[in-house]
Amino acid sequence: MPGYPALPEGIAYGGDYYPEQWPREVQEEDVRLMREAGVTLVSLGIFAWVLLEPAEGRYEFGWLDEILDRLHAAGIAVNLGTPTATPPPWFSRKYPDSLPVTREGVTIGLGSRESACSSHPAFLAATSALVTRLAERYGEHPAVVMWHVHNEYGAPLGECYCPASVNAWRDWLRHAYESLDALNDAWGTTFWGQRYGDWAEIDAPRWSHTVVNPAQRLDYARFTNDAHLSHYRLQRDLLRGSGKPVTTNFAGTVNCKSMDLWRWAPELDVIANDHYLAGERADNHIHLAMSADLSRSLAGGAPWMIMEHSTGAVSWQPRGIAKRPGEMRRNSLAHVARGADAVMFFQWRASRYGAEKFHSAMVPHAGTDSQIWRDVVALGSDLAALAEVRGSRVAAEVAIVWDWESYWALELEWRPSGDLTFLERISAFYEALWRAHITTDFVHPSADISGYRVVVAPSSYLLTEASAKNLQRYVESGGTLVVSYFSGIVNEHDTVHPGAHPGALRDLLGLSVEEFHPLREHERVTLSGGATARVWSERVRLTGARSDQRFTTGPDAGHPAVTVNELGAGAAWYLATAPADGLRDLLTPILDRAAVTRPRGLPDTLEHVLRGRHLFLINHADTPAAVPGVTGTDVLTRTPFDGEVPPGAVTVVRLAPLP
Ligand code: GLA
């Protein structure tokens, strides 16, 4: 299997390139400007199906040949797209039943993108026909260094409810369960009298006036993931013959709820992520770091690509907030710090027409006499200076448990509190660790976690018996586990584990929960350590664990709020509530006891990441940050590091070898 693309060398730099929107003279100028900015890689052809196949079976490759040759002559490598995210109008006209249908029963209209169902036989056939030709024609083209399949599977087109999907779903169920008895048991169809006597009676879990069977919905999410994944695999297998790496760009590892990216990752030769800042969020750089760490974890620690981010305004957000001075540089280098070996943007040149004409680009509407262009050129030279970072790895001593199935299950209807969302607790723990300058990996609960000093499970509502045993083995052999409330509650079918909560984790945590007491919207409770907490309270009964802190107010006053169970050589901690702002203080002694290494005394606005022997220091504050005790060369300025990172600046120190 080919790994990370051999070319371009160093840290790849560039973006989505749509020359088909521009006359030849602009295309020629593009290549000149790309060279000026140090661009080494562009993604091409992503939405160009109708230009490549203007009518069924009639292909026009000449325009693409010309562009590929021009880029190659300029030394710019190409990540060649397959344009299956935009089926041509002729296709939709000929196969109107290929249009996706929403859960509410609305048929998707034309004139946008993602307008064919991944399970529709005609779409699969048309995909094969086109991709076979692309592979034949460009597999050996010297400009093409890798393939970019489709675009952002799962967003916006996640679940589809068209007749082809329902057929494929029934096949998927037959394969998964083999018998209707097994399905009826797994789905608990005795509840509300839903027992099925024939496979043909089973429908997709389309919109209903009240809650649809949660186990059925959970399986539909799995089926949807698999339907898109097989559309990817179909293409990947056709492209494999070229010997060049194949990828698809994830629609934001953190935000793409609809795809189980742990299942996707092994099918890609290189992980590629798209990340857009939520422009209005003050802490959006922490969200970026989380997305990057999850990307690296999906890559198993190998280098990955930031395939799309923005130079400024993102036009699909409520306001196209421009980046602050230096923010694009901080964002780009934060991805590199966390393992990316490519920095790519959507898009090269701002479009004059179409849905995304107000989206930022590397060449803005204002042209090259603009701050964005100057920043783009400067970034090109930063990335050239960072070539020596390529291929090096980021080590983490702490991991956070992340499971898309738990994400799906937790956010179905009728949970004990509407405040329970998957990302809320994960983000809270991630932020506390980020501010303590601790780099984290993300892990599936069944993964080998033996190498981490601390593993945190902030939101493991769905946890199988097997995964719970994995966590238990980890603790028994010396690991430190931190579990947050409402974890270990249900199995893979959203069925409550037998007995008192948290069924899958009772023994490991040395406690049981008698009753949940979710808090009102603005309600606060206090803990014996002084912190206030929100969202959740519950009645914990100790069966082996000891109480570290109690609730002092609220429905569980006097009862345990933070507990620890010493088990084998390790310890399992439990937090029965959401500390309002004291999470970091609460974690500090746990991290200390587990001997997690991290720098002390730095401002909590300084991003501090060690990649190989390069220390990335990103100052997100308006004041300088002193970083004592670090010696080495600032790779970006080629000067000795003077122990201070100016406001808003990025310093990459090649650490001096230890004496
Ligand atoms: C997504 C898509 C791109 C573009 C950008 C704009 O990531 O993949 O085609 O629409 O958003 O932010």
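No lab work stands behind these numbers, since they all come straight from the coordinates. Nothing here was measured: the structure is a model prediction, and the numbers come from that model. Using ideal geometry, Cβ is built from the backbone for each residue, glycine included, and neighbour counts are taken over all protein chains shown.
Among residues other than residue 56 with Cβ under 12 Å from its Cβ, the summed charge is +2 (Lys and Arg +1, Asp and Glu -1). Working from label points 7 Å from Cα in the Cα-to-Cβ sense, the residue 128 to residue 411 distance is 3.4 nm.
If you look at the Cα atoms of segment 513-585, you get an Rg and a Dmax of 12.0, 40 Å.
As a calculated quantity, the FRET efficiency between residue 201 and residue 175 at R0 = 22 Å, using C-beta atoms, amounts to about 0.80.
The loop-placed GluC sites (Glu not before Pro) in segment 31-79, going by DSSP, that have at most 11 neighbouring Cβ atoms within 10 Å of their Cβ come out as 56. In this simple spin-label model, placing a label point 7 Å from the Cα along the Cα-to-Cβ direction at both residue 278 and residue 585 gives a separation of 2.6 nm. Across all directions, the shadow cast by the convex hull of segment 118-273 built on its C-alpha atoms averages 10.5 square nanometres. Projected over every direction and averaged, the convex hull enclosing the alpha-carbon atoms of segment 1-103 yields 9.4 nm².
Loop-located chymotrypsin sites (Phe, Trp or Tyr not before Pro) in segment 382-470 (DSSP state other than H, G, I, E, B) with a sparse environment of at most 12 neighbouring Cβ atoms within 10 Å: 414. Loop-located chymotrypsin sites (Phe, Trp or Tyr not before Pro) in segment 268-368 (DSSP state other than H, G, I, E, B) with a sparse environment of at most 16 neighbouring Cβ atoms within 10 Å: 316, 353, 358.
Modelled spin labels at residue 630 and residue 302, positioned 7 Å past Cα toward Cβ, are 2.9 nm from each other. For the chain, pairs of C-alpha atoms spaced more than 46 angstrom apart make up 21 percent of the total.
Residues within the reach of a label modelled at residue 59 (point 7 angstrom out along Cα to beta-carbon, backbone nitrogen below 11 Å), restricted to segment 126-145, are 129-139. Note that segment 606-655 shows a convex hull volume over its alpha carbon atoms of 59 Å³ per residue. When every alpha-carbon pair in segment 290-376 is counted, what percent end up more than 23 Å apart? The share of Cα pairs beyond 23 Å in segment 290-376 comes to 27 percent. Report the Stokes-Einstein translational diffusion coefficient (µm² s⁻¹, integer) for segment 398-593, Rh taken as the Kirkwood radius over Cα pairs, at 37 °C with viscosity 0.692 mPa s. So the translational diffusion coefficient is about 200 µm²/s.
Available extension along the chain between residue 546 and residue 465 is 26.8 nm, counting 0.36 nm per residue and deducting the alpha carbon span.
The residues packed around residue 356, meaning those with a beta-carbon under 15 Å from its beta-carbon, carry a net charge of -2 if Lys and Arg are +1 and Asp and Glu are -1.
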